[in-house]
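The values are calculated or read from the model by the stated rules, or taken from the named source; none is laboratory data. Computed from a predicted structure; not experimentally measured. Every residue, glycine as well, gets a Cβ built from its backbone with ideal geometry; the counts of neighbours run over all protein chains shown. Each accessible area value is taken on the protein alone, full model and side chains, heavy atoms only, with ligands, DNA and RNA left out. Shrake-Rupley method; radii C 1.70, N 1.55, O 1.52, S 1.80 Å.
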Amino acid sequence: MRVPVRGLFILLALAFAAPLFGDADPLAPWRPPDDRIYTVTSIRCETSGVFEHREHRNALFKAADLLHFTTRRHVVCREVLLREGVVYDPWLASETERNLRALEFIAFAEVKPEFQPDGTVDVLVRTRDKFSFELSAAGALVGGVSAGRGTLGEENAFGLGKQLEYSVERHDDGRERREVEYEDAQLLGSRWELEAKAATGTAGGGVEAVLFRPFRSRLDDWACVVEAVDDETDREFFDAGKLVYREPVLRAGLAAGFARAWGPRDARWRLNVAGRWADTDFAQDEAVGIRPADLPPSRDETKTELVAGPGFDGFGNYSKRVNLDSMDFVQDVPEGIDLGMRTGVSFRRIESGPLRHLVPLEADLTGSVAQGAHLSTFKVGFASHLDAGELTDYRVSAFYHHYWQRPESPWQTVAWSIAFDRAFDRNSAVGRYTLGEDSGLRGYDAREFSGTHRLRINAEQRVRTPVTVGGFRLGTVVFADSGLAWGPDRSLSARD
């Protein structure tokens, strides 16, 4: 019996059909003890190092604290959404705590209101840092080509919340790439963020920068982003786990986007507008390997695209969970759904050919359901282009992840997930050599599978043990992975 692709989406839809409601009042830790209106009179920020909270610190912990710059108080205070002299809002207190935990260099964050009998409230903001210094080395064997990578970085340079990273990557065929990366989540003390990197070497190089102002809270009514890139990379094609072809790709592009949001905090509508320009050139004379027979020659392309569309953000509450994906790590999982749809115009010119007019169609749906010991998250996406009313290409993806944490055994987490992807391009066979390569199956070569369709199922049981070595807690994971990648000339059946 054959299972049609749409059956996968029916199964996922049934899994998501649970009512979208959460646990007890998510704002309970920040609510006033009565119905009076309280005014914020003071806000105090306290920061601490990585291991300062421990009563007994061994030599390793002391050395780590010496290498670490504790986050400056003003860096934490900038994230506080409450203001002195204004009416206290428990929702802003909870949002501040979540924003602090979202920073990569913060391990623990707490916003604690202290309500006074005279109708005032003092707010205490406390944080504890993560160990942010990185010195690492890694190696991999992919498609018969080995590579090594060394990284030196700091995610909280001088306690200012800035990230600096330098890495070197070398391949056994002599290619090399050196890269410098900088990230600033509070550019010049503002709500703007900057991500920039520059690279050079025989394995490619160039520059890339992204400047953006995100929605920091549901009080923000607009966000925007500007991106620029000019670099050279290698596009690699794998078949049955082996590298069969590699060609240099030169990219230059500009992109800008703007989003406007309105409505109540738990149900906000938004309008998204984005424009993109990209110029892609292929240096086929420098290609390595034998080009697959069903892979047409790469052709230089220039694309200009303008898209716009509505969106809906129904993430009204957050579920605070511990030990989901990392031991002793707190995650704030939004509860509800987020829907986005976009369409517009796209102009493409391939080499010196005529200018083509395409219509892009994009849609995505994400969400989560939290019910007691169970937590489910999902994401469905679709992207395509129409040429004179005919579908030229599309990409469909669906992902579902379920966690189960029994109250009587919080030290263990059972998780399973299912993912499906399908790609189609009327004018190219690139999808066959790229879609299945990052299969997510542990124990297999990274590029062992290829195809235009991919189905993957993972199951895990994670156990947090009471055993510590040198102050670090140990845990175990038992997992099972199963998956399949196949091409357009085959259908998925129960036998598979």
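Applying 1/(1 + (r/R0)^6) with r as the Cβ-Cβ distance of residue 108 and residue 468 and R0 = 22 angstrom yields a FRET efficiency of 0.80. Sorting the segments 186-198, 362-374 by their residues' average number of neighbouring beta-carbon atoms within 10 angstrom, most packed first, yields 362-374, 186-198.
Rolling a 1.4 Å probe over the protein heavy atoms gives region 105-219 an accessible area of 48 Å² per residue. Among 400-409, 38-47, the peptide with the highest mean count of other Cβ atoms within 10 Å heads the list, and the full ranking is 38-47, 400-409. These residues, 453, 357, go from largest to smallest accessible area, 1.4 Å probe, as 357, 453. Between the DSSP loop rule and a limit of at most 15 other Cβ atoms within 10 Å, which GluC sites (Glu not before Pro) in region 64-121 are left? Counting only loop positions with at most 15 other Cβ atoms within 10 Å, the GluC sites (Glu not before Pro) in region 64-121 are 84, 104. Each Lys and Arg Cβ is given +1 and each Asp and Glu Cβ -1; about its Cα centre, region 332-377 then shows a dipole of about 440 debye. How would region 39-108 be classified by its alpha-carbon gyration tensor: rounded, prolate or oblate, with rounded meaning a/c under 1.5 and the a/b versus b/c comparison settling the rest? Cα axes put region 39-108 in the prolate bin. Leaving out ligands, DNA and RNA, what percent of the accessible area of region 102-231 is carbon and sulfur, probe 1.4 Å? Exposed carbon and sulfur together represent 59 percent of the surface. Surface exposure of region 232-363, expressed per residue as accessible area with a 1.4 Å probe, stands at 51 Å².
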